[in-house]
1. If you scan segment 19-35, which residues turn out to be surrounded by 10 or more Cβ atoms within 10 Å (Cβ to Cβ) and small (G, A, S)?
2. Quick check on segment 36-68: of everything there that is part of a loop (DSSP other than H, G, I, E, B) and surrounded by 10 or more Cβ atoms within 10 Å (Cβ to Cβ), which residue is modelled with the lowest pLDDT?
3. Can you find even one residue in segment 7-18 that is charged (D, E, K, R), in a helix (DSSP H, G or I), at pLDDT below 95 and loosely packed, with under 10 Cβ neighbours inside 10 Å?
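The values are calculated or read from the model by the stated rules, or taken from the named source; none is laboratory data. Nothing here was measured: the structure is a model prediction, and the numbers come from that model. Here the Cβ positions follow ideal geometry from the backbone for every residue, glycine too, while neighbour counts run over all protein chains shown.
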Amino acid sequence: MIFSYRKLLVRLRFMMLFMALTVVLYQVMMVLSGWIEPVNRYRTPTGNSVKVFGQHERSTLPESGRMSDRLRLFYWYGE
C-alpha cells in the first residue's frame, strides 16, 4: 500500500481550513443573532402605555354573567 504524503497534507490542510471557517461562520452568526434580537421582549413598557389584560376584562365580564352577555361581548370585541 502506497501513501502519498502530499495528498495527506492537502487533505489535512483542507480539513483544518474547513473547521476554522466553520467556527468563524458560527461566531459571526451568533454575533448577528445577538445584534438582531430585541434586548428584552417582556420588559415593562414605558411612556403612555396601557395594560391590555387585567382590570378591563374583570370589570366587563363578571363570572356570574349570563351566557347571552358573554356571547354578545364575544361578538362585540371580535375575540
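1. Once the filter is applied, which keeps residues that are surrounded by 10 or more Cβ atoms within 10 Å (Cβ to Cβ) and small (G, A, S), segment 19-35 yields only A20.
2. So in segment 36-68, the residues part of a loop (DSSP other than H, G, I, E, B) come out as 37-54, 61-66.
Now restrict to residues that are surrounded by 10 or more Cβ atoms within 10 Å (Cβ to Cβ): 61-62, 65.
Working: L61: 49, P62: 53, G65: 69.
Here the residue is L61.
3. Step one: list which residues in segment 7-18 are charged (D, E, K, R), which gives 7, 11, 13.
Next, only the ones that are in a helix (DSSP H, G or I) stay: 7, 11, 13.
Still in the list and also at pLDDT below 95: 7.
With loosely packed, with under 10 Cβ neighbours inside 10 Å added as a condition, the list becomes 7.
Among the residues of segment 7-18, at least one is charged (D, E, K, R), in a helix (DSSP H, G or I), at pLDDT below 95 and loosely packed, with under 10 Cβ neighbours inside 10 Å, which makes the answer yes.
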